[in-house]
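One structure below.
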Amino acid sequence: MSPLRLFRAEIRKLTTTRMPLAFLAVLAGVGAINASLVRWGTDFDGSKAFISTGADQQSLMAFGQNALLICGLFGAVAGAREHTYGTAIWTFLASPRRARAVAAQLAAVAAGGAVLGTAGALLTAIGVSGAAVTTEFGFLVSAGGVLRVVVAAAFCGAIGAVLGAGLGVVVRNAGGAVTGVVLALMVVPPLLVQLSADAAPWVPSALATTLSGITLEAAGAERQAGVGAALAVLVLWAVVPSVAAFVATDRRDVV
Amino acid sequence: MVVAGAVGTPSGPPPIPIEVDGLTKRYGSHLALDDLSFVARAGRVTGFLGPNGSGKTTTMKVMLDLASADGGGATIGGTRYRDLPDPTSVVGALVESNAFHPGRSGRNQLRILADVDGLDAERVDEVLETVGLGGAADRPVGGYSLGMRQRLGLGCALLGDPPVLILDEPANGLDPKGIREMRDLLRARAAAGGTTLVSSHLLAEVELLADDVVVVDRGRLVAEGALDDLRTETVAVRCSDPSRLASILEGAGANVNRDGGELSVQGLSEEETGRLAFDAGIVIHRLHAESGTLEERFLRWTATAGEASR
């Protein structure tokens, strides 16, 4: 069974339901919220100092963290629904070597997450830039800065989607998988930082921020990972549930 | 559903039997399959029968590598399913009639499988017509009736035009016309040399459809063979000395039940029974093979297996 054929089939699975449209709507909503913040929001003192520099605006546009979470949920639903609806049966009939099918699914979900992450970053960039030009500061982010934010969001979207899909395949239940993503991205990282402050630069949100070209200094962080290390460690966050998905799928009966 | 022949019959396949050998499967302490062995032959439709929970679906899932066996195994043409290089071009399977995303159209469901199999959109259209879903192909499966989902499942199984079909309760939810069309389709494929294993609760339908039957109960084989042979397996005898003839027949390995002056013999043919009586000098008053409906036989087989297991 050709891996490319399996990948194509998995992409078609993702694009033949309304789920991606629902996530695009969420992304558009996030972009609109950001645009509203820029247009009408103020600091406590009534000023708009929070968008007064290019770095401030890039920080506002940075979509990596959002991409991780939103695409994590996308992946969780995509991974779990295969088992909820039993459609995994057809896949495993065509590809009884299940590892190949899981690899194709994770690859397709990663591609989907990258597209959603990119779309989210672009929608946010459009919203923020459109609103910023109506303010006294104008739009101050360089083209390179916008590109950095978009590329980071694409990468974080792919990673989030794989993490979510891995959990979805293991849990085989959309509700459980969504809960797992929230735990993995929003509950466990702060607990890790509580246990050891050294973990702070390595939790997903900090890594996404790093990749988006934003310094963590403003947030009071003493250390920040390098870009290469951030890429590698973020991949590790997705590798763990992916390996669990491969092992679980190979060992379990399809029900 | 278009009657078979124009589309979807295997084109001169080599004979590919399904062989199950000593299959054993446990779910915790529950023994779902107990050393089950049988063969579904090429060019035949084999009915796979058993009460609810007897292990039919589990057997099919193990055959298709959707479930693992604790002992024994199953092969298709001598090869394990997972070792088939392009499995869906050899085996078409329907094991779960409702395994579809409700928001996806029937056409897209088939196109996904066509992508995996490397088939084009024309084949998808062809199969949709074959199973009678051409008009509903672009509607979400969530709006399909049970019968329509069953047709879609059958379409998925037929997509790769495989010579072997393994179908779990394919007639569930089909209307009489659909059942008739499915029967004609499966008969045509068998006539073309294909191998078909069909589980069903509809015994009357199996009588019309199957050449052979395999009956399981509590995971064990209780009967296997050509349907006609199994239906006429009992020989009824009236004779001058029933007690002596019963002893002789039991000595020859038969299972004999006495019903007043009549003996009911299982395990020997009419000819063998008559020969043994003749050799013993016992006068036969009446001797004939008893036919029964498949339902009568099925209830007897499963009742006997139930008693044996108690």
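The values are calculated or read from the model by the stated rules, or taken from the named source; none is laboratory data. Computed from a predicted model, the values in this text were never measured in an experiment. So basically every Cβ, Gly included, is an ideal-geometry build from the backbone, and we count neighbours across all protein chains shown. Note: areas computed on protein heavy atoms with side chains; ligands, DNA, RNA excluded. Shrake-Rupley method; radii C 1.70, N 1.55, O 1.52, S 1.80 Å.
In whole Å, what is the distance between the alpha-carbon centres of region A:163-231 and region A:9-25?
25
Taking the alpha-carbon centroid of each part, what is the distance from region B:58-86 to region B:110-131 in angstrom?
Here the two parts' Cα centres lie 25 Å apart.
Counting only helical runs of four or more DSSP H residues, what would the 222 nm mean residue ellipticity of chain B come to if each run contributes -39,500 (n - 2.57) and the total is spread over all its residues?
Counting only the DSSP helices, I get -10500 deg cm²/dmol.
Could you pull out every whole DSSP H run in chain A that spans at least 27 Å of Cα extent along its own axis and averages -0.5 or higher on the Kyte-Doolittle scale?
A:19-40, A:64-84, A:98-132, A:143-171, A:227-251
Output the antiparallel fraction of DSSP beta bridges having both residues in the protein assembly as shown, as a percent to the nearest 5.
Close to 70 percent.
In debye, nearest 20: dipole of the protein assembly as shown around its Cα centre with unit charges on the Cβ of K, R (+) and D, E (-)?
Dipole of the protein assembly as shown, to the nearest 20 debye: 1300 debye.
How large is the direction-averaged shadow of the alpha-carbon convex hull of region A:104-169, in nm²?
Seen from a random direction, the Cα hull of region A:104-169 projects 4.6 nm² on average.
What percentages, rounded to whole numbers, describe P(r) for chain A computed over all alpha carbon pairs with 5 Å bin width beginning at zero?
All Cα pairs, binned at 5 Å, distribute as 1, 7, 13, 17, 17, 15, 12, 8, 5, 3, 2, 1, 0 percent.
Below 29 Å, Cα to Cα, which lysines can residue A:48 reach? Residues fewer than 8 away in the same chain don't count.
none
Please report the Cα spread of the protein assembly as shown along all three principal axes, rounded to whole Å, starting with the longest.
Principal-axis extents of the protein assembly as shown (Cα, largest first): 119, 52, 36 Å.
So what are the radius of gyration and Dmax for the Cα set of region B:224-309, in Å?
When restricted to Cα atoms, region B:224-309 yields Rg and Dmax of 13.2, 39 Å.
Cut-off 10 angstrom, C-alpha nodes, Gaussian network model of chain A. Which of A:140, A:167, A:93 fluctuates the most?
Of the options given, A:93 has the highest mean-square fluctuation.
Tell me the accessible surface of residue A:137 in square angstrom (1.4 angstrom probe, heavy atoms of protein chains only), to the nearest ten.
Here the accessible area works out near 60 Å².
Ignoring everything but the protein chains, give the 1.4 Å probe accessible area of residue B:100 in square angstrom, nearest 10.
Estimated to the nearest 10 Å², residue B:100 gives 10 Å².
Skipping prolines and chain starts, which residues have an amide H placed within reach, meaning under 5 Å, of the one on residue B:193, given they are 5 or more residues away or on another chain?
For residue B:193, the qualifying residues are B:43.
Nearest 500 deg cm²/dmol is fine: what mean residue ellipticity at 222 nm does chain A get from its DSSP H runs of n ≥ 4 alone, each adding -39,500 (n - 2.57), divided by its residue count?
That comes out to -24500 deg cm²/dmol.
For region B:18-217, take the alpha-carbon Rg, divide it by the Kirkwood Rh, and send me Rg/Rh.
Rounded to two decimals, Rg/Rh equals 0.96.
Give the calculated FRET efficiency between residue A:253 and residue B:270 to the nearest 0.05, with a Förster radius of 56 Å applied to their Cβ-Cβ distance.
The pair residue A:253/residue B:270 has a calculated efficiency of 0.75.
Taking the Cα of residue A:37, stepping 7 Å toward and past its beta carbon, and measuring to each backbone N in region A:152-177: which are under 18 Å?
Inside the label zone: A:152-154, A:157.
Roughly how compact is region B:47-163, stated as its Cα Rg over 2.2 N^0.38 Å to two decimals?
1.13
At 7 Å along the Cα-to-beta-carbon direction for both residue B:201 and residue A:223, put a label point, then send me their distance in nm to one decimal.
6.4
For region A:29-113, state which trypsin sites (Lys or Arg not before Pro) are in a DSSP loop and have at most 15 other beta carbons lying within 10 Å of their beta carbon.
Of the trypsin sites (Lys or Arg not before Pro), the ones in loops of region A:29-113 whose Cβ has at most 15 other Cβ atoms within 10 Å are A:97.
So how far, in whole Å, is the C-alpha centre of region B:137-169 from the one of region B:226-255?
Cα centroid to Cα centroid, the span is 45 Å.
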